[in-house]
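Taking it in order: structure first as structure tokens, then the write-up.
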Amino acid sequence: MRLSTRIALAVTVLVPLLVLASGWIMVRLVGHDVHAQADAHLRQRAAAVRPDARNLLRAMANDRSAAVEQAKQRKLFAAALDVGIRVTGTEGTVTEGPQPALDRPLPAPADAGHPVTFRADGASWRVLAVPIGVVKPAAKGTLWLFSPDTAGQEQISRVRRRIITVALLTAPVAGAAAWLAVTRAALPLRRLQRRASGIDPRISSARLDHTPTGVTEVDELAHSLRTVLARYDEQAARTEEALATARSFSAAASHELRNPLMSMRINLDVLDGGPEPGAAERAEIVADLRAEHTRLLGLLVMLRALAQGDLVEADAFVPVDLADLLHAAVADLRREHPHVRVALHAPPGLRVHGWPQGLRSAVDNLLLNAAVHGAGGARDGTERAGAEHGGTRAGAAGQHGDTALIEVTLAPGTDPAAPAAVLTVDDHGPGVPPAARQEIFQRFRRRPDSPGSGLGLALVGQQIALHGGRITVGDRPGGPGARFTVVLPLRPAGDPLPGGRDWLAGASAGEPR
């Protein structure tokens, strides 16, 4: 049932009820006014005839002659005019005018001290009782005054009938008027319904086009529908990104795992075949197998980290104290690589709105990159590290010989218009050639002899971009080595995430970002 029909039916029922309720109040008021008018007339007649009623009571008590009593009665009845009179005393009862029959019991005089309604023989009367008395001779009686209530009851009944007639007439008229009014008022809602019913977000990019109507409820509903559609589009886009990320994860894993798995298969065939290898050759094969296993494990961990960065939502971002994060990362690096010397300067108080897991992963890979190449290495333009956060890192720096020295500094930015935190990581390795300083952040950029997966600095680049920052690579001031500089804006909470997060699904080896 349509809303207009529902409202019309409700009005059809409610309006007569309201008319009847108002009529009931009106009938009570009219009845009160009619009775008040009759009661005032009774009181006036009572005041006018009371002296004559006392004289008649005195004549009756003194046992005067019938002529005297009749004269008193005529005078009393003449003063009564249009009301009924009844005088009751110990000597009898005298009546005149319209009134109930004598055999009908009257209300108690005390109850009729104010005018009351009395019904007898199908008629209604207003009755007033006034006590009277004389001293000589001592006698007491009651003066009763009666006024027919027929006219008042007829007036009240007439008002009641008219109210019922009005209620019956207003029911269909009010229902029709309500239906027309609501149908007209609901036109903006029906137009919105027709526009919204033609939208299928699965097969069309068309969205709700709404012009404000001035009707608050309709405009708010249109705003809610547009918000729902926008959220649907956002979630559909995120779902598509998730599917693309999953496909890229599968493709990258399949491509990058093929060679290590083939190498491991060959080594296993050598171990299992004949002639059986000697002890030295066997130890070398086992070492190769362990290295390949470590690389496979690291590759899977890094691919998972890249996928998480591409799919992380805004609600995962919280205030992060960079100093605390750096101290924790340096402590872990020192524990796992005792030969690495790290000089850390990170004053507290610099907080960014970020993803703690992603920032920690970026810092760990920056530090590990410096540890791997901080004691020297070839300046060949490929990725200098790439060992994964969470993978096996023991002995990475030792493969390059000397003890690595890393200098880590955290400081606030110098531009007051754009508050930021500046992190620098210096090492004492061979540095990075200018031509290779962008390529090292691409996926799978690694030297043939690198122990990493080729994804470490790609993960660093992803996380810095995810947090709205930037990273640059240069020469370490004052000597050989590389300096990685990270600038992270101190953004307030609620800033949107950057679009186009495709570090896993997008740039592959050899593709510039």
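Between the alpha-carbon centres of region 4-35 and region 344-367 there is a gap of 75 Å. So, R0 is 30 Å and r is the distance between the beta-carbons of residue 13 and residue 121; what FRET efficiency does that work out to, to 0.05? In this case the efficiency is close to 0.15. Ranking 26, 264 from most to least accessible surface, computed with a 1.4 Å probe over the protein chains only, gives 26, 264. In this rough spin-label picture, where each label sits 7 Å from Cα along the Cβ direction, the residue 66-residue 239 distance is 11.5 nm. Each peptide in 455-461, 325-331, 282-288 receives the mean, over its residues, of other Cβ atoms within 10 Å, and ordering these scores from highest gives 455-461, 325-331, 282-288. Figure note: 440, 266 ranked by solvent-accessible area, largest first, 1.4 Å probe, ligands and nucleic acids not counted: 266, 440. Protection proxy ranking of 225-232, 18-25, by the mean of other Cβ atoms within 10 Å over each peptide's residues and highest first, is 18-25, 225-232. With 0.36 nm allotted per residue and the present C-alpha distance subtracted, the residue 417-residue 24 stretch has 134.0 nm of extension available.
With both labels modelled 7 Å from their Cα along Cα-to-Cβ, the residue 176 to residue 220 distance reads 3.4 nm. With each label modelled as a point 7 angstrom along the Cα→C-beta vector, the residue 185-residue 324 pair spans 5.6 nm.
The values are calculated or read from the model by the stated rules, or taken from the named source; none is laboratory data. Given the structure is predicted, the values throughout are model-derived calculations rather than measurements. Neighbour counts run over all protein chains shown; Cβ positions are idealised from the backbone, glycine included. Please note that ligands, DNA and RNA were not included when accessible areas were found on the heavy atoms of the full protein model with its side chains. Shrake-Rupley method; radii C 1.70, N 1.55, O 1.52, S 1.80 Å.
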